[in-house]
1. Between their Cα atoms, which of K47/K98; K128/K173; K290/K361; K290/K499 are more than 18 Å away from each other?
2. With a cut-off of 8 Å between alpha carbons and a minimum separation of six or more residues, what is the relative contact order of segment 19-169 in percent?
3. Please report Rg over Rh for segment 633-728, where both radii come from the alpha carbon positions and Rh follows the Kirkwood definition.
4. How long is the gain from E555 to T713 if the chain were fully straight, where each residue apart is worth 0.36 nm and the alpha carbon distance is subtracted?
5. What's the Kirkwood radius of segment 487-565 in Å, using all Cα pairs?
6. If you plug each phi of segment 710-720 into the Karplus form 6.51 cos²θ - 1.76 cosθ + 1.60 with θ = phi - 60°, what whole-Hz ³J(HN,Hα) values come out, in order, with x for Gly and Pro?
7. For K624, give me every one of the aspartates and glutamates with a C-alpha distance below 19 angstrom, ignoring sequence neighbours fewer than eight places off in its own chain.
8. Can you list the aspartates and glutamates whose alpha carbon is less than 12 Å from that of K280, not counting same-chain residues fewer than 8 positions off?
Amino acid sequence: MSMATASSSGGDDGAPAPPLAVIAPAPSPSSAAHYNRLDESDLVEAKALGLLRNDMPVSTDLSAPEFGIAYEKKGGTKAAGCSADVFASQKSLQERCKHFAMQRGFQLIVAGSSTRANGGGNVKYRCKKLHGQQFFDPNTPASKLQCPFYVNGYGKDQSWKITRACFLHNHYKFIGWRPTPVPSAANAANALMPPATLAAAAVAVSGGMPVANATTDLLVFQQQLSVGPMPTPVNPANAGEAAAATAEATATPPQRLRTQRNTTLSMKVLCRMVTEEVNKYPAPGLVMAKLDGKMIRRILLGQGHTINHMMASRIKRQLQETRIGKVRTSFQKLGGYLKVVADKNPGSLFQVETTEQSGFKRALFISSAALSAVKFCRKIVALDHITASEEAPETPAGKLEDDENDDVICGVYLKATTKDYNDQVLTFALALVAKEDQANWEWFLQALQSTQTANWDEYTVIAGRTRGLQPALRTVWPQASHHFCLRRVVEDELMQAKKIPMTAEKKQRIFDLARSDSETEYNTLRKDLMRTNEAAVAYLDGLNRANWVKYAFLETFRRPTFNELTSDLAMALGSEELFSQHASASHTSWFGEDPVRSSQPLYTFNQYFMKIAENFHQRRQSVKLRPAQELVPMRDAQLQQILQGSQRCESIPCANGLFMVRYLGPTRLQIPDSWRHVNLVDWECTCQDWQDQQFPCLHAIHAAELDQRRMDTLYDVKLNSIENYLACYADGFVPWPMDAASIEPDTSLKSPLDFVFAEDASGRRKPGPKPKNKKSK
Ligand SMILES: [Zn+2]
Ligand SMILES: [Zn+2]
């Protein structure tokens, strides 16, 4: 029972009191709230699981507004809230709540969540409305009812607590569960079934999987499990529930009762159980690909079911077919989907190509909104792939080889990114190609070229050198200045190809080296690095310095790097570039937190489209109250910071706007800051920052103050203005639901997986050609 994660609605960063806490409709006798019930055994279980402090008062007064509710302010503690335990993460709180729900016969969903730095945030769990759920309220249609149950969690600095919880439900719990599983004549007739199994079966399916209708694929299992939730101690509220449940059971026609009591499970149900268990693993997609009979049996054993080899391999085959089918559908719908979105957003560019064998070849989308935004951004473009997954996929069934990994088999995403003057990243082109190579990069670059949005030859291009990227760049954009992506140099070349181990600290030193603003600084830092990482230095010495060291790049190409070193465009102000690609803000703000999977292209493009709409809207909103001529927020903040730093400078005026300036404050790198030459007329400083970032450095600011020049004569006022920023994000974008009826699937199209797996459903791999061994890094 995977927890459906709703979009993060209602979350609000930063507020100390979770804003999610304002719900709980005040019960009025006439409303549906009248039917809310508090089950004492729910409270007992919550206490047993540490979710509720032992002495926590929970009102049993039906007419009180706080009926069934526990809240921190009333009897809780600041550290642990209503709960007895403090949880290390949202996930561990969630696991505990989920366990509670399972024990108490209902399911949870995440109704809203927001995250903050340091693993904090807010979350709200609610009771999931299950198909066929029976509500106490006989009059209101089920569609209009919502269960009042909720748990509000709040986390800060890796301590999560429950701030408020409502333990009421307005429906019967334990679907498929009967309070007294006495073996009836009907069951006794089924000689294969030990009576005790009945309870186990009921427990196992209490998560909402009906035991009924197990007509085909009958399977017998032996009792393995001691019963979890026993019939609850009677309290007034519960007595009603139990009585009602019994009444309902009695009212059921005998025929139905028999199937309900049937202790055999269909293969479909077993497959679902396995799937739901697998979904609890960190990378379910990978685990699913590796799933073998042994693991299937182990999973089901954990649920109290013993199955034989034959059934295990049938389940395995079934799950594999489902998996491959899902991938196929995603590919077959992709073309139609991209077309619909392009139609809804005129001016957008999309391409989908297939091979002669009706296989998927490549697809690309560039939205009209993003294209027009590029014109208002900096002249920098970053090209990169999106790695399939960062960690070597180690699953409980063993390590997943590349040729077993659906996301390696299905191809790789390519993206193009730029940055606005407010330091925000704009991912403006996304493609999925079967393989990252020169031909596909050339195709991608030519698509960008065909938009005629910008003269890319004038751009600073941050991109890797490997996998065809460098030769493709030389072919399509011969004049562009290529700055190597240092992430790819370090991760792909040094670590992966050269097998040089690298710590975050060592990476940082290489990045520092790459930011050298003079040959002197470069030599000092290089000598330093030599002592700890000779192999890396030897390798880096082989690269053309103009393509990766700031001062040499500026000298050679006379174009800014905007202090960027990696195609994340994450800039060095934080230490983002030390994180994995997936953890960088430039990735998550355009693709979300979910892994970007090439085996699910429809979903990935859909997520990306949603992010375009979201980011454009949010960026417009963020500055709407600022005057049009003002600096964009990030530049404004930077200017304030530089102004402060410049207080620690001393300057000597030379002539005609020329100054010698030196900074006397502390610096991170132990390089004595010598005199710099500032040219206020040409907007240059020998520290290179002014030229490189197209914004004055602190030397320049200090000199300008002395020279009584206005700050706003030191940078391009228009490009850095709110007005330009608003123009950048002026265009709207209409994302389209991926399950819209108007999307025509291309049923003849084969996914890359179809070529790897035999289509005869034997479940075995064809001995035929395997995909090229592409590393996921
Ligand atoms: Zn409920
Ligand atoms: Zn300077």
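Throughout, read-outs are computed from the coordinates displayed, never taken from laboratory work. Not measured: the values here are computed from a predicted model. Virtual Cβ from ideal backbone geometry, glycine too; neighbours counted across all protein chains shown.
1. Where the Cα-Cα span goes over 18 Å, the pairs concerned are K290/K361; K290/K499.
2. On the way: 277 pairs, mean separation 41.9, N = 151.
Dividing the mean separation by the residue count of segment 19-169 yields 28 percent.
3. Value, to two decimals: 0.98.
4. Once the chain is fully extended between E555 and T713, it gains 54.4 nm.
5. On the way: mean 1/r = 0.0785 Å⁻¹.
Radius from the Kirkwood sum: 12.7 Å.
6. In residue order, the calculated couplings are 6, 4, 6, 9, 9, 8, 6, 5, 5, 5, 8 Hz.
7. D420, D423, E614, D636, E723, D731
8. Within reach: E95.
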